[in-house]
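The values are calculated or read from the model by the stated rules, or taken from the named source; none is laboratory data. Fair warning: this is a prediction, and the values are worked out from it, not measured in the lab. Cβ atoms come from the backbone with ideal geometry, glycine included; neighbour counts cover every protein chain shown. Please note that ligands, DNA and RNA were not included when accessible areas were found on the heavy atoms of the full protein model with its side chains. Shrake-Rupley method; radii C 1.70, N 1.55, O 1.52, S 1.80 Å.
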Amino acid sequence: MSLICDTGPLGRHEIVISESLSTKEAHKALFCFDDGAYQVVEEGLFDALQKSASDGALKIHVSGGWEWMLCLALWKEGRPARGEVFFLLKTLGLSDDDLRPFTSSDCNDIFHYLYYGQRFDVLRRLCTKAKKASETKIVHAGSIRINCHLVAEETRQIVASSL
């Protein structure tokens, strides 16, 4: 049984914006939406969110990787600066000691530290922050619910969610 309700030519009540085919498949493995509910958007995430809201979606799922969730939480297109990421992660519960090993490494390494260190609490808080930022920035946000799902590239599975 599909969880999707068509709204007619303007779109669907519930849609999924995915970063890639692998993040789409990770979402689909858990939620079993039909293919018509999915949009794979490698670039232009913020435009896709706004367009979906304007087209009448009532619930939007965002399924993406670490950088996508960081961009949503910071509400910033393009790769966020290290300082922005560190500040965000501190608000999500990491300490200076947690972040110190990453001062000269790629910010993507922090995901591996959190994932393999089983800091799923921080990953869930990131998804929740991305959800809240999206719902406050999107026009018509009062009537639209957004759920964010973080997919680990290595396992191709959702490892944290705002649900």
With the structure loaded, tell me whether Lys129 is in a helix (DSSP H, G or I), under 30 Å from Ser54 (Cα atoms) and open to solvent by 10 Å² or more (accessible area, probe 1.4 Å) or whether it fails that test.
yes
Does Glu43 satisfy being open to solvent by 70 Å² or more (accessible area, probe 1.4 Å), touching a Leu at 6+ places or on another chain (Cβ under 9 Å), outside any helix (DSSP H, G or I) and not basic (Lys, Arg)?
no
Got a sec? Which of Ser20, Ser63, Ser54 is touching a residue at least 12 places away in the same chain (Cβ under 8 Å), of a type in the set (Ser, Thr, Tyr) and open to solvent by 50 Å² or more (accessible area, probe 1.4 Å)?
Ser54
May I ask you to verify whether Val62 is farther than 24 Å from Glu14 by Cα, under 16 Å from the mean Cα position of the chain (by Cα), among the β-branched types (Val, Ile, Thr) and not in a loop (DSSP other than H, G, I, E, B)?
no
Specify the residue that is modelled with the highest pLDDT; the eligible residues are those in segment 132-161 that are assigned to a helix (DSSP H, G or I) and open to solvent by 60 Å² or more (accessible area, probe 1.4 Å).
Lys132
